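**Student:** Let me give you the structure first, and then I'll get to my questions.
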Amino acid sequence: MGLLITEETSGYLEHPQESKEKVAHCLVWSLLLIIREKKKMSVVTAKEDRRCSDRSSRINIKIVSNDGYDSVTVRVKRSIKMKDLMKAYNDRRSVGDNTFEFLLDGHRIQGEQTPDELEMKDGDEIDAMVHGHGGSAIW
């Protein structure tokens, strides 16, 4: 950017006998070039920021089942409700909604929670435990 300004202004600034109007014109032109270059840089920076924030707004979560089914890795937004993730997993497995209990570090995940609220990191694992029903009384 400095080279552009020097090339444009060198003819005016090296000759002190030139009129003040030409010098002023040169300075205005130089400022316009600077502004234009800064706008170009800010547009590029904004696009890069958006790409970076998109990357960081999504995480990979591995769902591991205790029934021998292969683990599933999904990429989700940090703001997704966990009930949507759990429903998608149950649909993929072709089971009912209450078949699995989903646990993170041994704690049950509530459907209204999000990965952000659970402070999940990229690569975290969720355990899909088959929900135990029933039992018998000991007599």
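The values are calculated or read from the model by the stated rules, or taken from the named source; none is laboratory data. In this text the structure is predicted, and so the values were computed from the model without any measurement. Cβ: placed from backbone, ideal geometry, glycine included. Neighbour counts: every protein chain shown. Just so you know, the surface numbers come from the protein's heavy atoms only, side chains and all, with ligands and any DNA or RNA stripped out. Shrake-Rupley method; radii C 1.70, N 1.55, O 1.52, S 1.80 Å.
**Student:** How much of the accessible area of segment 58-130, in percent, comes from carbon and sulfur atoms when a 1.4 Å probe is used? Don't jump to the answer; show the numbers that get you there.
**Tutor:** Details: 1870 of 4390 Å².
For segment 58-130, the apolar C and S fraction of the accessible surface comes to 43 percent.
**Student:** Here's a follow-up. Please give the per residue accessible area of segment 58-130, computed with a probe of 1.4 Å over protein heavy atoms only, in Å². If you can, show how the numbers build up before the last one.
**Tutor:** Numbers: 4390 Å² over 73 residues.
So segment 58-130 comes to 60 Å² accessible per residue, rounded to a whole number.
**Student:** Note down the accessible area of E21, probe 1.4 Å, to the nearest 10 Å².
**Tutor:** Probe radius 1.4 Å; accessible area of E21 about 150 Å².
**Student:** What accessible area, in Å² to the nearest ten, does a 1.4 Å probe give for S65?
**Tutor:** Its accessible surface works out to 10 Å², give or take rounding.
**Student:** Dipole magnitude of segment 59-122 about its Cα centre, charges +1 at Lys/Arg Cβ and -1 at Asp/Glu Cβ only, in debye to the nearest 20? Intermediate results must be reported in sequence, preceding the final value.
**Tutor:** Values: 11 positive and 12 negative charges, 45 e Å.
Once rounded to the nearest 20, the dipole reads 220 debye.
**Student:** Let me ask something additional. If I model a spin label as a point 7 Å beyond the Cα along the Cα-Cβ vector, how far apart are those points for S71 and L27 in nm?
**Tutor:** 6.6 nm
**Student:** Oh, and also: Between K121 and V95, how high is the FRET efficiency from 1/(1 + (r/R0)^6) when r is the Cβ-Cβ distance and R₀ = 30 Å? Nearest 0.05. Could you put the intermediate results ahead of the total?
**Tutor:** On the way: r = 28 Å, r/R0 = 0.92.
That gives a FRET efficiency of 0.60.
**Student:** Hey, what's the Kirkwood Rh for segment 58-130 if you take every pair of different alpha carbons, in angstrom?
**Tutor:** Working: mean 1/r = 0.0829 Å⁻¹.
The answer is 12.1 Å.
**Student:** If you don't mind, there's one more thing I want to ask. Quick query: amide H of Q113 versus all other amide H atoms, modeled in the peptide plane; which residues come in under 5 Å with a sequence gap of 5 or more or a different chain?
**Tutor:** M82, K83
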